[in-house]
Amino acid sequence: MSVIVGEILTFSHGDGEIELRVYGDEFLARYESLDGYTAVRDNDLNIFCYASLHDGKLVSTGKDITGPIPNGITRHLKENQSERKRKFNDRHREIYPPSTDTIGNFAFGPNNGLLDGKRISEGDVIGLTVLVEFADVSTSVTAKDVTEMLNDLNYNKNGNHCSVYEYFHTMSSGKLRYINHVIGPIKLSQKLEYYKNHLLIKEAMDIVVNDLGIDLSKYDSQNRGIIDALNFLYAGRTVYEENLWPHNSIINLEYNGIKTHFYMLASCGRDTSDLSIGTFCHETGHLLLRLVDNYDYGYRDGDEIESQGIGVYCLMGSGNHLNRGRTPSPICAFSRNLINWCDNEIILHKNSYVAKHSDYNTIMKYPTDNSKEYFVIENRNALDLDSSLPSSGLAIYHCDTQGSNEYQDGTKDRHFQCAILQADGKLDLENNRNRGDSTDLYDEVTGIALSYSTTPSSRLWDESDSGLIVSDIHKLGSNISFNII
């Protein structure tokens, strides 16, 4: 899924546009005016209005959010937990066929830390990407423009760090060679507003196969009779509402003996200035690699507490939004290792080490007596794909393949799958204060940096001693040296 945490985005508002601050994802989102008043779209008026609470539900006051504040309305209104869960469950049933994975599946990895379903993380893969226009919204973005963004070598247009192909080729150390065949734009029959509540996938696929005559078997690298990677990019600004919110899901269609399954949907923008690789990469992390979301869905885990999970320090957290999606964070070493992209495993014991930046084929791992729980150390100096991180230095992750980044508690039974031990000890990510700040990673440290008795500590989730002691962290150009004592 594609999470938004307090970003200011533009929406249609009657005959004009409005900026709102957004929190949520494709299953459930909340919108606020820039001065903090909760807004809901009033479909009868086709504008965003001030919201009020009625029996724990957000309802429209009928008063334009850009107008005077109605009496009795307060800032930051939220629906109660039961109503939010109901809306999430209803939305999940709309997006997923009844036979698919359980609710909340994107945050927990039942398959040794990964999502269930076929993982395709190696070899030559050809995805099918379809550009889509609405009856009332077109784009000047061409198939050539998108082909370059997805496939080109040395791609840097519009401030993007690289193409999607280059991103995954780099992350996988050459194991995954993922290119896309881009077709369109095709024109849908209805206006954009209609597709907020009606999924566009089947109509688009009918055009692709029946009108354009595309042979879908070309996109089945595994010879399973199933398309490996099916992507839809629609015209216009990204619509963070209902079915047009960027997402990864499942649809079961069949054409000439070839089935669809996983698909991704996002926006291609109004023109080439909107093109960015971040969301496409994040959703591909689900679609092909079966990686989980390493952020917190909040209320869905049975509590009212929201957190940031791993924050911007991984593509599968909120790192896909760095530099406006143009320099997405790398996939962290923990997740790369889950999909067998780290051939070089360094087991840490008492010794001196050097962590090399951009050494994506390596995992530096401190194991514990529990094979599911361990620590990972990685160089995250602010270079290359890490250049937009808020912090720079040595990252130390506390990992458990049976955890979930829904769980900010940090207890034996409720803890993150991959927690970054924030060097300042403030637990800002767990406490939802930010998505990462300048004091998260370990900079120069003489003496002990991490142990049983430091804050943060190297204790296991059950509070017992892991035995991990990290000391004497020093930067050596782009590399970082440290000791395990």
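The values are calculated or read from the model by the stated rules, or taken from the named source; none is laboratory data. The structure presented is a predicted model; accordingly, all values stated were derived computationally and were not measured. Cβ atoms come from the backbone with ideal geometry, glycine included; neighbour counts cover every protein chain shown. The protein model used for the area step is the full one, side chains on, heavy atoms only, and it has no ligands, DNA or RNA in it. Shrake-Rupley method; radii C 1.70, N 1.55, O 1.52, S 1.80 Å.
Taken over region 312-366, residues that are out of contact with any helix residue (DSSP H, G or I) (no Cβ under 8 Å at 6 or more places or on another chain), open to solvent by 10 Å² or more (accessible area, probe 1.4 Å) and among the aliphatic types (A, V, I, L, M) amount to 4. The residue of region 244-274 that is most open to solvent (accessible area, probe 1.4 Å), among those that are of a type outside the set (Asp, Glu) and farther than 26 Å from Lys218 by Cα, is Arg270.
In region 133-162, of all residues being β-branched (Val, Ile, Thr) and within 22 Å of Leu288 (Cα to Cα), the one that is least open to solvent (accessible area, probe 1.4 Å) corresponds to Val146.
Here's the yes/no breakdown for (1) closer than 22 Å to Lys372 by Cα; (2) in a loop (DSSP other than H, G, I, E, B):
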residue	(1), (2)
Gly425	no, yes
Asp428	no, yes
Asn434	no, yes
Thr439	no, yes
Ala449	no, no
Ser453	no, yes
Ser457	yes, yes
Trp461	yes, yes
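Residues in region 170-179: is at least one in contact (Cβ under 8 Å) with a residue 24 or more places away in the chain, open to solvent by 50 Å² or more (accessible area, probe 1.4 Å) and over 29 Å from Thr327 (Cα atoms)? Steps first, answer last, please.
Within region 170-179, the subset in contact (Cβ under 8 Å) with a residue 24 or more places away in the chain is 170-173, 175-179.
Pick out the ones that are also open to solvent by 50 Å² or more (accessible area, probe 1.4 Å) and you get 170, 173, 177, 179.
Right, trim to over 29 Å from Thr327 (Cα atoms) and you get none.
No: region 170-179 contains no residue that is in contact (Cβ under 8 Å) with a residue 24 or more places away in the chain, open to solvent by 50 Å² or more (accessible area, probe 1.4 Å) and over 29 Å from Thr327 (Cα atoms).
Out of the residues in region 192-204 that are among the charged types (D, E, K, R) and at pLDDT 95 or above, which is nearest to Glu94 (Cα to Cα)? It comes out as Lys202. If the condition is being of a type outside the set (S, T, N, Q) and assigned to a strand (DSSP E or B), then region 137-183 contributes Leu176, Arg177, Tyr178, Ile179, His181, Val182, Ile183.
Residue-wise test of (1) assigned to a loop (DSSP other than H, G, I, E, B); (2) over 14 Å from the mean Cα position of the chain (by Cα).
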residue	(1), (2)
Lys218	no, yes
Asn231	no, yes
Tyr234	no, yes
His286	no, no
Arg290	yes, no
Asp293	yes, no
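Here's the yes/no breakdown for (1) open to solvent by less than 60 Å² (accessible area, probe 1.4 Å); (2) among the hydrophobic types (A, V, I, L, M, F, W, C); (3) within 22 Å of the chain's Cα centre (by Cα):
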| position | (1), (2), (3) |
| --- | --- |
| Val164 | yes, yes, yes |
| Pro185 | yes, no, no |
| Leu188 | yes, yes, no |
| Tyr195 | yes, no, no |
| Glu203 | yes, no, no |
| Asn210 | no, no, no |
| Asp215 | no, no, no |
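Residues that are outside any strand (DSSP E or B) and closer than 28 Å to Lys85 by Cβ were ranked within region 49-69; the one that is most open to solvent (accessible area, probe 1.4 Å) is Asp55.
Annotation: of all residues in region 423-472 being in contact with a Ser or Thr (Cβ under 8 Å, 6 or more places away or on another chain) and among the aromatic types (Phe, Trp, Tyr), the one that is surrounded by the fewest Cβ atoms within 10 Å (Cβ to Cβ) is Tyr452.
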